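Data first, discussion second: the structure below is written as structure tokens.
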């Protein structure tokens, strides 16, 4: 039995399935989203073709670059807490 059917049988409410993706991010992908995804995919294929290992493709602004997975696993990235304060003020 699928989750949708279980929810409907237990609640009596019509239930719909949505596959999240860009919906979760806020809408359909823009041209820039599509171009960035294509560029990152190209960079990943180039890494595979060059037989480089233990890397992932990252983006910062418009720059796409490989980054060692070990740096990601062991790294700590702190958040700018002022952004939370701004978000809190705007949600009031």
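The table that follows gives values for the structure above.
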{"item": "Members of region 16-52 found to be more than 21 Å from the chain's Cα centre (by Cα) and at pLDDT 90 or above, listed by number", "result": "46, 48, 49, 50"}
{"item": "Single condition residue 63 does not satisfy, out of (1) under 19 Å from the mean Cα position of the chain (by Cα); (2) loosely packed, with under 11 Cβ neighbours inside 10 Å; (3) at pLDDT below 90", "result": "(3)"}
{"item": "Residues of region 38-55 classified as surrounded by 14 or more Cβ atoms within 10 Å (Cβ to Cβ) and without any contact (Cβ under 8 Å) to a residue 24 or more places away in the chain, total", "result": "4"}
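The values are calculated or read from the model by the stated rules, or taken from the named source; none is laboratory data. These figures come from a predicted structure and were not determined experimentally. All Cβ positions, glycine included, derive from the backbone under ideal geometry; neighbour counts span all protein chains shown.
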